[in-house]
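The values are calculated or read from the model by the stated rules, or taken from the named source; none is laboratory data. Keep in mind that what you see is a predicted model, and the values were worked out from it rather than measured. Using ideal geometry, Cβ is built from the backbone for each residue, glycine included, and neighbour counts are taken over all protein chains shown. We work out accessible area using only protein heavy atoms, side chains counted, and drop any ligands, DNA or RNA first. Shrake-Rupley method; radii C 1.70, N 1.55, O 1.52, S 1.80 Å.
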Amino acid sequence: MNSTLIEMILNNLMALFPFVIFRSYQRGVRWTLGKNPKELGPGLHWKIWLWHGCEVYDVVDEVLDLPVQSVITKDKKLVCFSVNIGYRINDVISHCCNVQDFTESTAGIAMTHLAQRVREMTLEELEADLKKLEVSLEGTLTTRMKKWGTEVYSVGFTNFAEVP
């Protein structure tokens with residue numbers, strides 16, 4: 001109980017400090033009265049309480065695991081699959097200003113794209129060339145995420161199976 005109370009007090013006090021520190025793998029965005037976002041690099045940056053707001057983003061490679069998805073193919077076969085998407089943030093201001101919830105938005109776009117493509121193909125076509133589907137998804141995500149200041153570096157199926 002004491003460590004939790006102490007942690008809570010320290011975390012609340014940190015918000016009142018007149019500075020913020022970003023590590024080498026982080027970038028920040030500082031807002032002045034809720035507008036004029038400015039990118040902040042690693043290091044110590046001053047902030048005035050109630051005047052500035054700061055958000056921190058990790059700019060290292062990350063992977064998003066999509067939930068398992070079930071889709072019926074063109075030849076009426078039920079398939080289940082899951083996908084990993086590797087990405088990195090290139091522009092923190094675009095990343096925080098151009099998408100409300102990055103993870104949910106990315107998952108929604110990716111899952112919709114995959115469902116549409118899988119419904120257009122037979123199970124035999126899918127099993128013969130899953131790479132084609134991965135390339136298609138990577139192209140769609142690359143186009144969309146460019147507006148979000150994010151780069152896709154990897155898309156891949158972690159499993160793909162027909163469900164009896």
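When nucleic acids and ligands are ignored and a 1.4 Å probe is applied, L130 ends up with an accessible area of around 40 Å². Once the Cα-Cα distance is subtracted from the 0.36 nm per residue extended length, the E125 to L10 segment shows a gain of 35.7 nm. Note on the chain: with neighbouring protein chains present and a 1.4 Å probe, carbon and sulfur make up 55 percent of its accessible heavy-atom surface. For the range 54-60, putting each phi into the Karplus relation 6.51 cos²θ - 1.76 cosθ + 1.60 with θ = phi - 60° gives couplings of 10, 10, 10, 9, 7, 10, 9 Hz, in residue order, rounded to whole numbers and with x for Gly and Pro. With the highest mean first, a sort of the peptides 11-18, 120-127, 145-152 on other beta-carbon atoms found within 10 angstrom per residue produces 145-152, 120-127, 11-18. Students often get this wrong: which residues of the range 105-138 have the backbone nitrogen under 13 Å from the point 7 angstrom along Cα-to-C-beta of L64? What the label zone holds, given the 13 Å backbone N cut-off, is 105-114, 138. Each peptide in 37-49, 87-99 receives the mean, over its residues, of other Cβ atoms within 10 Å, and ordering these scores from highest gives 87-99, 37-49.
Couplings 3J(HN,Hα) of the range 141-156, computed from phi: 5, 4, 4, 5, 6, 4, 5, 9, x, 10, 10, 8, 10, 7, 9, x Hz, in residue order, whole Hz [Karplus 6.51 cos²θ - 1.76 cosθ + 1.60, θ = phi - 60°; x for Gly and Pro].
Can you give the alpha-carbon Rg of the chain over 2.2 N^0.38 Å, where N counts its residues? Numbers along the way, then the final one.
Working: Rg = 20.9 Å, N = 164, 2.2 N^0.38 = 15.3 Å.
Normalised by 2.2 N^0.38 Å, the Cα Rg of the chain equals 1.37.
Computed on protein heavy atoms with a 1.4 Å probe, the accessible areas place R30, R117, R144 in the order R144, R117, R30, largest first. Computed over protein heavy atoms with a 1.4 Å probe, the accessible surface of the range 6-90 works out to 65 Å² per residue.
Each residue of the range 7-16 was assigned a 3J(HN,Hα) from its phi angle through the Karplus curve 6.51 cos²θ - 1.76 cosθ + 1.60 (θ = phi - 60°); the sequence is 4, 4, 5, 5, 5, 6, 5, 4, 5, 8 Hz, with glycine and proline shown as x.
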